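Here is the structure we will look at.
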Amino acid sequence: MKHVTLLFLRRDGEILLAMKKRRFGAGRWNGVGGKVEPGETYEQAAIRECQEEIGVTPRALRPAGEMHFLDLPDVEHYCHIYVATNWGGEPRESEEMAPRWFAETAIPYGTMWPDDVYWLPLLLAGKIFRGSVTVENDTVHEYSFEEVSPL
């Protein structure tokens, strides 16, 4: 199992999503993030990935959740999810991601991971959650979520 991060920037009723341009997840809107390197904390990894993928340095990250993702047959990620409302720099496109602001009432779920429709509303509502989801062939087979006290 690989530990990974996701980070979502939010401002005035909008959320920043980024179109993944290559490798795992290509062609899908998602938060920014990636694998945790040896010696990094989860928060440090989220900040580094945000800097690399969209040129922004997030500040005062707020933990939003933890998700165990099983994408059958061979992907297993434990994801540490953060939200930031304060950052330095302006989001810009990189070789890996193309960022875009979306109204929180107009999330493009049809071009996101199929499980996002289940847990992203919890994040948008300011909930802190923990859960797991199993996906195979772009179909969610099992999922469970629970609201938790601050992580």
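When residues in the range 52-111 are screened for being free of Cβ contacts under 8 Å to residues at least 40 places away in the same chain and not aliphatic (A, V, I, L, M), 13 of them pass.
Per-residue answers, yes or no, for (1) closer than 22 Å to Glu95 by Cβ; (2) at pLDDT 95 or above:
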residue: Leu6; (1), (2): yes, yes
residue: Asp12; (1), (2): no, yes
residue: Met19; (1), (2): yes, yes
residue: Gly25; (1), (2): yes, no
residue: Asn30; (1), (2): yes, yes
residue: Glu37; (1), (2): yes, yes
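Only one of the numbered conditions (1) touching a strand residue (DSSP E or B) at 6+ places or on another chain (Cβ under 7 Å); (2) of a type in the set (Asp, Glu); (3) over 19 Å from Ser132 (Cβ atoms) is not met by Glu90, and that is (1). Of a type outside the set (A, V, I, L, M), open to solvent by 70 Å² or more (accessible area, probe 1.4 Å) and within 14 Å of the chain's Cα centre (by Cα): does that describe Arg130? For Arg130, the condition - of a type outside the set (A, V, I, L, M), open to solvent by 70 Å² or more (accessible area, probe 1.4 Å) and within 14 Å of the chain's Cα centre (by Cα) - is met.
All told, Gly39 falls short of being in contact with a strand residue (DSSP E or B) (Cβ under 7 Å, 6 or more places away or on another chain) and either closer than 23 Å to Val117 by Cβ or of a type outside the set (Asp, Glu) (or both).
The values are calculated or read from the model by the stated rules, or taken from the named source; none is laboratory data. What you are looking at is a predicted structure, and each value in this text was computed from that prediction instead of being measured. Neighbour counts run over all protein chains shown; Cβ positions are idealised from the backbone, glycine included. When the accessible area is computed, the model is the full protein with side chains, heavy atoms only, and any ligands, DNA or RNA have been set aside. Shrake-Rupley method; radii C 1.70, N 1.55, O 1.52, S 1.80 Å.
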